[in-house]
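Asks: Can you read through this structure? Questions will come right after.
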Amino acid sequence: MSPETTPAPAPPAAAPDRHPVERLLRTERMPHIWCPGCGIGTSLNCFVRAIEGAGIDTRKLVVVSGIGCTGRVAGYLALDSFHTTHGRAIPFAEGLALARPDLKVAVYSGDGDLVAIGGNHLIHAARRNVNLTVICVNNFVYSMTGGQAGPTSPLTSVGTTAPYGVYEPPFNLPHLVASCGATYVARWTVYHVRQLAKAMQEALTHPGFSFVEVISPCPPYYGRRNRLGAAVDFHKFYKEKSVVKHGAETRELEITLGSPIVCGKFVDLERPALLDEMNKQLTARLGDKYQPYQGLKGQA
Ligand SMILES: Cc1ncc(C[n+]2csc(CCOP(=O)(O)OP(=O)(O)O)c2C)c(N)n1
Ligand code: SF4
Ligand SMILES: [Mg+2]
């Protein structure tokens, strides 16, 4: 984005006869590509409500996605949004956040995109505490490409590349990002719409690196192969088997096939964000010779 880029026009106020989230959706692109019973659309509804709830100026919000079913979110939001390449949503977003600290930058992508091919970017962005909000829709497989097992697939679950069951231990995502330095970490399922929207709102207003894991059904691939039933069965499971445990030890948040899913807010702490730390250290070291960096906006 060049420094001269003019911000997107403010979306119109919601008309009384329209759905409340419509204002921030590109409805001309509907119907969307997601299957019946998919949880990604529900998560998007929560995200739009979180944006509204946070009172963010939507001309100053940018959403970046990678590739995958979840990656399509960027294309449906009536905001400045970018659908980048597979695994590269975070570096793209990080560049934006560093060049334009006046913007709020959020990444919205899938477990495969963020944690497999993009895993290295994820851990370093968390370590640096870059001002970024990452929403990770975890459906436990690479859905868009047909249900291959990935780094969050639970042990013994079946995928197209694991016909006899997964035997590689999966990542526990809240533990992974918290260990790397993320300063806000939460997990909810798409059954918990109010809690999820609230967590997204908190994440969007949190300074530094915030991460929300969204547990979401993919009935045609993960559900069917693992005999977990239809979308409604996923929601029943989330309702009956989720355990809310705010502040839980992140190492105890592993997800195993069929066992309860621990949800809640696990990390919420303050640590200087990357640019603040850089300005502090360089000012201490260089004194007046250093002009604190405020971003590229307005610079030639
Ligand atoms: C470099 C590269 N490798 C592989 C692919 C193929 N590919 C497209 S989407 C995808 C998996 C997406 O999985 P995930 O991020 O979990 O998103 P989901 O579809 O499950 O929402 C893969 C492997 C690609 N597009 N580019
Ligand atoms: S394949 Fe799975 S993740 Fe993709 S749209 Fe369908 S239900 Fe959703
Ligand atoms: Mg996935």
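Asks: Taking only the stretch 207-231 into account, find how many residues are crowded, with 24+ Cβ neighbours inside 10 Å and either touching an Asp or Glu at 6+ places or on another chain (Cβ under 9 Å) or within 21 Å of GLY119 (Cα to Cα) (or both).
Replies: Final tally of qualifying residues: 9.
Asks: Further question: Any idea which of THR250, THR256 is crowded, with 17+ Cβ neighbours inside 10 Å and β-branched (Val, Ile, Thr)?
Replies: Working: THR256 fails: crowded, with 17+ Cβ neighbours inside 10 Å.
Criteria check complete, one pass: THR250.
Asks: Continuing with the same structure: Condition first: within 16 Å of ligand 1 (Cβ to nearest atom) and farther than 17 Å from HIS83 by Cα. Now tell me which residues in the stretch 124-141 satisfy that. Walk me through how you get there before you give the answer.
Replies: Looking only at the stretch 124-141, we keep the residues that are within 16 Å of ligand 1 (Cβ to nearest atom), and these are 134-141.
Matches in the stretch 124-141: ASN138, ASN139, PHE140, VAL141.
Asks: Collect the residues in the stretch 31-65 that are among the small types (Gly, Ala, Ser), within 22 Å of ALA93 (Cα to Cα) and outside any helix (DSSP H, G or I), keeping them in residue-number order.
Replies: Answer for the stretch 31-65, where residues must be among the small types (Gly, Ala, Ser), within 22 Å of ALA93 (Cα to Cα) and outside any helix (DSSP H, G or I): GLY55, SER65.
Asks: So which residues in the stretch 157-186 are among the polar types (S, T, N, Q) and either surrounded by fewer than 17 Cβ atoms within 10 Å (Cβ to Cβ) or at positive phi (or both)? Give the derivation first.
Replies: At the first step, the residues of the stretch 157-186 found to be among the polar types (S, T, N, Q) are 157, 160-161, 172, 179, 183.
Correct list: THR160, THR161, SER179.
Asks: Sticking with this structure for a sec: If I ask for residues that are within 12 Å of ligand 3 (Cβ to nearest atom) and of a type outside the set (A, V, I, L, M, F, W, C), which ones from the stretch 214-226 would you list?
Replies: SER216, PRO217, TYR221, TYR222
Asks: Moving to a separate point now. Kindly indicate the residue of the stretch 58-111 that is in contact (Cβ under 8 Å) with a residue 40 or more places away in the chain and charged (D, E, K, R) and also surrounded by the fewest Cβ atoms within 10 Å (Cβ to Cβ) among those meeting that condition.
Replies: Only one residue tops the list, namely ASP102.
Matching residues to (1) in a loop (DSSP other than H, G, I, E, B); (2) at positive phi:
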{"site": "ASP102", "(1), (2)": "yes, no"}
{"site": "VAL105", "(1), (2)": "no, no"}
{"site": "GLY112", "(1), (2)": "no, no"}
{"site": "VAL115", "(1), (2)": "no, no"}
{"site": "ILE123", "(1), (2)": "no, no"}
{"site": "THR133", "(1), (2)": "no, no"}
{"site": "GLY146", "(1), (2)": "yes, yes"}
{"site": "PRO151", "(1), (2)": "yes, no"}
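Asks: Right, next: Can you name the residue in the stretch 138-156 that is closer than 19 Å to ARG187 by Cβ and surrounded by fewer than 22 Cβ atoms within 10 Å (Cβ to Cβ) and is also nearest to ligand 3 (Cβ to nearest atom) among such residues?
Replies: PRO151
Asks: Might you let me know whether the stretch 92-110 holds any residue that is near ligand 1 (Cβ under 9 Å from one of its atoms), under 30 Å from ARG224 (Cβ atoms) and modelled with pLDDT of 95 or more?
Replies: So far as the stretch 92-110 goes, yes, one or more of its residues are near ligand 1 (Cβ under 9 Å from one of its atoms), under 30 Å from ARG224 (Cβ atoms) and modelled with pLDDT of 95 or more.
Asks: With the checklist (1) farther than 19 Å from CYS46 by Cβ; (2) surrounded by 21 or more Cβ atoms within 10 Å (Cβ to Cβ); (3) of a type in the set (Gly, Ala, Ser) in hand, flag the one item GLY119 doesn't pass.
Replies: For GLY119, the exception is condition (2).
Asks: Regarding GLY112, is this residue out of contact with any helix residue (DSSP H, G or I) (no Cβ under 7 Å at 6 or more places or on another chain) and within 23 Å of GLY264 (Cα to Cα)? Don't jump to the end; show me each part of the working.
Replies: On the way: out of contact with any helix residue (DSSP H, G or I) (no Cβ under 7 Å at 6 or more places or on another chain): yes; within 23 Å of GLY264 (Cα to Cα): yes.
Yes: the conditions hold for GLY112.
Asks: Additional query: Would a scan of the stretch 248-270 turn up a residue that is under 28 Å from ALA126 (Cβ atoms), of a type in the set (Ser, Thr, Tyr) and within 16 Å of ligand 1 (Cβ to nearest atom)? Can you show your working first?
Replies: Step one: of the stretch 248-270, the residues under 28 Å from ALA126 (Cβ atoms) are 248-257, 259-270.
Next, only the ones that are of a type in the set (Ser, Thr, Tyr) stay: 250, 256, 259.
If we keep only those that are within 16 Å of ligand 1 (Cβ to nearest atom) too, we end up with none.
Among the residues of the stretch 248-270, not one is under 28 Å from ALA126 (Cβ atoms), of a type in the set (Ser, Thr, Tyr) and within 16 Å of ligand 1 (Cβ to nearest atom), which makes the answer no.
Asks: Of these, VAL63, VAL73, VAL105, VAL48, which one is of a type in the set (A, V, I, L, M) and within 16 Å of ligand 3 (Cβ to nearest atom)?
Replies: On the way: VAL63 fails: within 16 Å of ligand 3 (Cβ to nearest atom); VAL105 fails: within 16 Å of ligand 3 (Cβ to nearest atom); VAL48 fails: within 16 Å of ligand 3 (Cβ to nearest atom).
So the residue among VAL63, VAL73, VAL105, VAL48 that is of a type in the set (A, V, I, L, M) and within 16 Å of ligand 3 (Cβ to nearest atom) is VAL73.
Asks: Return the residue satisfying two criteria in turn: it lies in the stretch 100-152 and is among the β-branched types (Val, Ile, Thr) and over 30 Å from GLY223 (Cβ atoms), and of such residues it is farthest from ligand 2 (Cβ to nearest atom). Write out each step before concluding.
Replies: Filtering the stretch 100-152 for residues among the β-branched types (Val, Ile, Thr) gives 105, 107, 115, 117, 123, 130, 133-135, 137, 141, 145, 152.
Add one more test, that the residue is over 30 Å from GLY223 (Cβ atoms), and what stays is 105, 130.
Values: VAL105: 24, VAL130: 27 Å.
Checked the stretch 100-152; the qualifying residue farthest from ligand 2 (Cβ to nearest atom) is VAL130.
The values are calculated or read from the model by the stated rules, or taken from the named source; none is laboratory data. The structure displayed is predicted, hence computed values, not measured ones. When we count neighbours, we look across all protein chains shown, and the Cβ atoms used for this are built from the backbone with ideal geometry, even at glycine.
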